[in-house]
Structure formats: structure tokens, C-alpha cells
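**Student:** The structure's right below; bear with me while I get my questions together.
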Amino acid sequence: MTRYAHITGWGTALPEHVLTNHDLEQMVDTSDEWIVSRTGIRERRIASPDQTTASLAADAALAALEHAGVKPSGVDLIIVATSSPEHTFPATACIVQDIIGASKAGAFDLSAACTGFIFALNMAAQAIRTGSIDTAVVIGAETLSRIVNWQDRNTCILFGDGAGAFVLQGSEEPGGVLEAVMHADGSGADVLSLPAGGSKIPTSADTVAHGLHYVHMDGRPVFRFATRVMAEATREVVEKAGLTLDDIAIIVPHQANYRILEVAARGLKMPMAKFMVNLDKYGNTSTASIPIAAVEAAEKGRLRKGDKVVMVGFGGGLTYGALLAEWTGPFEDKPPVKPERIRLLARLRSAGKRARRKILNLPVGDEKLGG
Ligand SMILES: CC(C)(COP(=O)(O)OP(=O)(O)OC[C@H]1O[C@@H](n2cnc3c(N)ncnc32)[C@H](O)[C@@H]1OP(=O)(O)O)[C@@H](O)C(=O)NCCC(=O)NCCS
């Protein structure tokens, strides 16, 4: 029997704090007009001090699991794609596994910069299609605000924090993840990187003094690369699936820069209306940008059951790739999880047992009952 990997639940976690371009005008020599005209970004979210990559990832995962109607104990695999992990090791995914109580899940991180979510989704789908596992949670999560130099106007205006998660479930019903292409060009590794903190340049007082623990980027080559590969990867995945661009209902691209998307749309001879864009609100959230945009598209009715969607990304590495899916939605009809519910799940997650009982209005006292 052929098995298929369906996207059956989704969720996001977006910090409440909004940093606008006007706020940035007070921090570096820039202007709202410059940022909007060069990138399309107007504002981004910034994690609060108690939020981390793992906590945002866990919030998004819990929302996605609730949406899919799957208990954490039913998850076989958690993959967190991230460029700003909780630590170098252990994997952020392991911390998420503990927070959400996915007691039987294997967990690992995937590092492919902003393309990471595409690669992770493809890996999880392949594991489901081969019958190795049945249920996976794939998460893109970032706290880029922690690794960006807030005095470097070339980079700090671009990035934001957030997380998005998909639940993938196996079924014999055709649909779900249909095809993917994954590419890398390591000759461009130095144009977008975090230079220090690894085995080549271990952290030292000197690396900190020179700001090598922050994101470094040469914007123009990244821009040229991105405009070339987005259309290329989209065409490749569509052809590989035996379809044409006319079959595609919507493109959900990595949300880096509006001008990059315009060039890609021209290259594909597709109207911008076919592209889901929300980078004006969130900036570039790296691995999280594609799931955050896909969830918004689904919630706004732009991505419906049966639609063919191409998710396409590019980023540091350099990496790029695209994934074509037939959108499924929960196996049992369920509305998206409301923001208030996600906030409640987040409070429950971070509260101790006693506080958890209070939030749920349960009698406090017998701590053994908590959980
Ligand atoms: C970063 C990026 C927006 C810069 O836009 P650009 O049109 O290429 O701008 P340039 O780098 O040519 O810089 C033009 C001028 O603006 C200045 N500038 C750079 N950042 C600025 C800012 N935030 N505000 C005002 N001026 C700025 C530059 O210093 C330069 O000044 P100069 O001409 O006096 O030297 C663009 O290169 C880009 O989007 N690259 C891709 C980045 C990306 O997507 N990265 C993530 C990939 S996942």
C-alpha cells in the first residue's frame, strides 16, 4: 500500500512585542521609507526575555497538535528547523519534546538556515511515506533578535522572531506532501553566516569584541542568489510532480524581501496575487517564515483543502529548495486554534503544576492531581 504524508494541523507562536520601522529609526541610522522601499518590511515581532526558540517552538507545536487532534504522546518524531537554536547542543527539538510531553518521540534539529523548514518537512514526510513513522511535528522556530547586531543597519532591520509548526500524519488516502527538491551551494557559505561559536572560530573575548557572534551578511550576493533560485526551484518541483504552474493554487515563499518575490513572480510569469506575503508584519523569521505564512493563508481561506501549494525557500548555506503539497487539513473537521487558546496553552506550558490548576480553575491543594 502506498503511504502518503498529510499536513493535518498547524499552529504559530508570535511574540506580542511589535518593533516598527519607526522604532528602528531611533536605534540605527535608517528610515521607514528606506526599509519599506528596499524590503517591504514594516514591523517585526521580538521575543520577550522569557521566550526562547524552544518555548516558541513548543507553543506552535501544541497549537498544531490541538488543531490536528493529536495528543503529544502520539508523536513519533519532532524536527526543529532553526538558525537560532536554544544551544549548540543539545538539540532544541529535545527541549521541545520534554516541554510538550511527547514521551515516545525522537527529536533532532535540522540546520539549513531559512530553507530549513522545507528540508525538515521533506525528511519527516519521507519517514512517514516509507512506513518508518506515522506522526511527526515539524517546526520552524527562531529568536533571531538574540543573534542580530542591533547596531548594524544592514541586518537588524530585516529579521524577526516567531515559530510555526505542522503536524504530519500518514494515511493511504492520496495527497499531502507530493514532491520536493533540495539544493545547496556551499561556495557561498560566507555571504550569510554567524562566524564565531563553532569549531573554526571558538567563542572568545576577542570574537565578542569584534561582533563575530552576530549574523553577518553581504546583502547583494544573497539578493542575486535568491532571485535566481526561487523561480528555478519552483519550476523544478512542479515538473518533478508532473504538474504545470497552472495547477498551483498558491505559492508560499520564504518571507525575506518583497522585491525578491516580485522578481520570482516575473520569472514564473505568475501574478503576485498567487504569492502569500506577510513579511510586512513579521520581517524575515528564517525557518519560521514559511509555516507562519502558510498558517495565515489557511486561516484567511487562501489555502483550502485540495489546493496544490508550493512552499519555496532559500537562505544561508547557501541552501534552497521547494516542496509541493496537496493541502489536507485535519482528518476530522476542526477549526483553527484561536489565539486566546494558544495563549492559554503557552501559559499552561510555562506554569508550575500549582499555577496550572489555578489557570484551569481546578482546586489547588492536592498537588498530586496536577499535571
Ligand atoms: C539588504 C538589502 C535590503 C540591501 O538593499 P540594497 O538595495 O542592496 O542596498 P545596498 O546594500 O546597495 O545599500 C545601499 C545603501 O543603503 C545603505 N543602507 C544599508 N542598510 C540601510 C538601512 N537599514 N537604512 C538606510 N540605509 C541603509 C548602505 O549603506 C548603502 O549606502 P552607500 O550607498 O552609501 O554605501 C538587499 O541587499 C537584500 O534584501 N538582500 C538580501 C538579504 C536577505 O534576504 N537575507 C536573508 C536571506 S534568507
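**Student:** Which residues, taken from segment 170-205, are acidic (Asp, Glu) and crowded, with 17+ Cβ neighbours inside 10 Å?
**Tutor:** 179, the sole residue that qualifies.
**Student:** Kindly check whether there is at least one residue in segment 211-222 that is under 30 Å from residue 129 (Cα atoms) and either in contact with a Leu (Cβ under 9 Å, 6 or more places away or on another chain) or of a type in the set (A, V, I, L, M, F, W, C) (or both).
**Tutor:** no
**Student:** Report, ordered by the first and then the second residue, all pairs with beta carbons closer than 9 Å, sequence separation of six or more or different chains, a first member in segment 186-214 that is among the charged types (D, E, K, R), and a second member that is within 16 Å of the ligand (Cβ to nearest atom).
**Tutor:** Listed pairs, sorted by first residue: 190/216; 190/218.
**Student:** Something else now. Suppose the filter is part of a loop (DSSP other than H, G, I, E, B), more than 12 Å from the ligand (Cβ to nearest atom) and hydroxyl-bearing (Ser, Thr, Tyr); does residue 145 pass it?
**Tutor:** Criteria not met by residue 145.
**Student:** Another question about this same structure. Over 21 Å from residue 288 (Cα atoms), away from the ligand (no atom under 16 Å from the Cβ) and surrounded by fewer than 19 Cβ atoms within 10 Å (Cβ to Cβ): does that describe residue 103?
**Tutor:** The answer is yes for residue 103.
**Student:** Restricting to segment 199-218, name every residue that is touching a strand residue (DSSP E or B) at 6+ places or on another chain (Cβ under 9 Å) and not acidic (Asp, Glu).
**Tutor:** 215, 216, 217
**Student:** Let me ask another. Among the residues of segment 277-315, count how many are closer than 27 Å to residue 32 by Cα and surrounded by fewer than 24 Cβ atoms within 10 Å (Cβ to Cβ).
**Tutor:** The total comes to 7.
**Student:** Still on this structure, please answer the following. Going by what's in this entry, would residue 112 be described as in contact (Cβ under 8 Å) with a residue 60 or more places away in the chain and either surrounded by fewer than 24 Cβ atoms within 10 Å (Cβ to Cβ) or under 13 Å from residue 140 (Cβ atoms) (or both)?
**Tutor:** yes
Results for (1) within 20 Å of residue 176 (Cβ to Cβ); (2) out of contact with any Cys (no Cβ under 9 Å at 6 or more places or on another chain), shown as yes or no for each residue.
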| site | (1), (2) |
| --- | --- |
| 273 | no, yes |
| 276 | yes, yes |
| 289 | no, no |
| 298 | yes, yes |
| 310 | yes, yes |
| 328 | yes, yes |
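**Student:** Can you spot a residue in segment 26-40 that is basic (Lys, Arg), modelled with pLDDT of 95 or more and either under 15 Å from the mean Cα position of the chain (by Cα) or closer than 20 Å to residue 345 by Cβ (or both)?
**Tutor:** no
**Student:** The conditions are (1) surrounded by fewer than 16 Cβ atoms within 10 Å (Cβ to Cβ); (2) part of a loop (DSSP other than H, G, I, E, B), and residue 212 fails exactly one of them. Which is it?
**Tutor:** Against the list (1) surrounded by fewer than 16 Cβ atoms within 10 Å (Cβ to Cβ); (2) part of a loop (DSSP other than H, G, I, E, B), residue 212 comes up short only on (1).
**Student:** Moving on to the next point. Mind checking which residues of segment 222-245 are of a type in the set (S, T, N, Q) and more than 20 Å from the chain's Cα centre (by Cα)?
**Tutor:** 227, 244
**Student:** Still on this model: Scanning segment 251-286 for residues that are assigned to a loop (DSSP other than H, G, I, E, B) and within 16 Å of residue 224 (Cα to Cα), which turns out farthest from the chain's Cα centre (by Cα)?
**Tutor:** Filtering segment 251-286 for residues that are assigned to a loop (DSSP other than H, G, I, E, B) and within 16 Å of residue 224 (Cα to Cα), the one farthest from the chain's Cα centre (by Cα) comes out as 257.
Per-residue answers, yes or no, for (1) on the phi > 0 side of the Ramachandran plot; (2) among the acidic types (Asp, Glu); (3) in a helix (DSSP H, G or I):
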{"position": "22", "(1), (2), (3)": "no, no, yes"}
{"position": "33", "(1), (2), (3)": "no, yes, yes"}
{"position": "45", "(1), (2), (3)": "no, no, no"}
{"position": "54", "(1), (2), (3)": "no, no, yes"}
{"position": "60", "(1), (2), (3)": "no, no, yes"}
{"position": "63", "(1), (2), (3)": "no, no, yes"}
{"position": "85", "(1), (2), (3)": "no, no, no"}
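**Student:** Can you tell me which residue is surrounded by the fewest Cβ atoms within 10 Å (Cβ to Cβ) among those in segment 35-90 that are farther than 20 Å from residue 116 by Cβ and of a type in the set (A, V, I, L, M)?
**Tutor:** Result: 36.
**Student:** Regarding segment 230-253, can at least one residue be identified that is crowded, with 23+ Cβ neighbours inside 10 Å, within 16 Å of the ligand (Cβ to nearest atom) and under 26 Å from residue 16 (Cα atoms)?
**Tutor:** Looking for residues that are crowded, with 23+ Cβ neighbours inside 10 Å, within 16 Å of the ligand (Cβ to nearest atom) and under 26 Å from residue 16 (Cα atoms), one finds at least one in segment 230-253, hence yes.
**Student:** Sticking with this one: Select from segment 16-27 the residues that are surrounded by fewer than 16 Cβ atoms within 10 Å (Cβ to Cβ) and under 21 Å from residue 143 (Cβ atoms) and list them in ascending order.
**Tutor:** 16, 17, 18, 20, 23, 27
**Student:** Quick one: in segment 154-194, of everything that is within 16 Å of the ligand (Cβ to nearest atom) and in a loop (DSSP other than H, G, I, E, B), which residue is nearest to residue 242 (Cα to Cα)?
**Tutor:** 185
**Student:** Scan segment 325-336 and report the pairs whose first residue is closer than 30 Å to residue 242 by Cβ and in contact (Cβ under 8 Å) with a residue 12 or more places away in the chain and whose second residue is assigned to a loop (DSSP other than H, G, I, E, B) and basic (Lys, Arg), with Cβ atoms within less than 8 Å and a gap of 6+ or a chain change.
**Tutor:** 327/304; 327/305; 328/305; 329/305
The values are calculated or read from the model by the stated rules, or taken from the named source; none is laboratory data. Treat the numbers as computed from the prediction; the structure is a model and nothing was measured. Note that we place each Cβ from the backbone using ideal geometry, even for glycine, and neighbour counts take in every protein chain shown.
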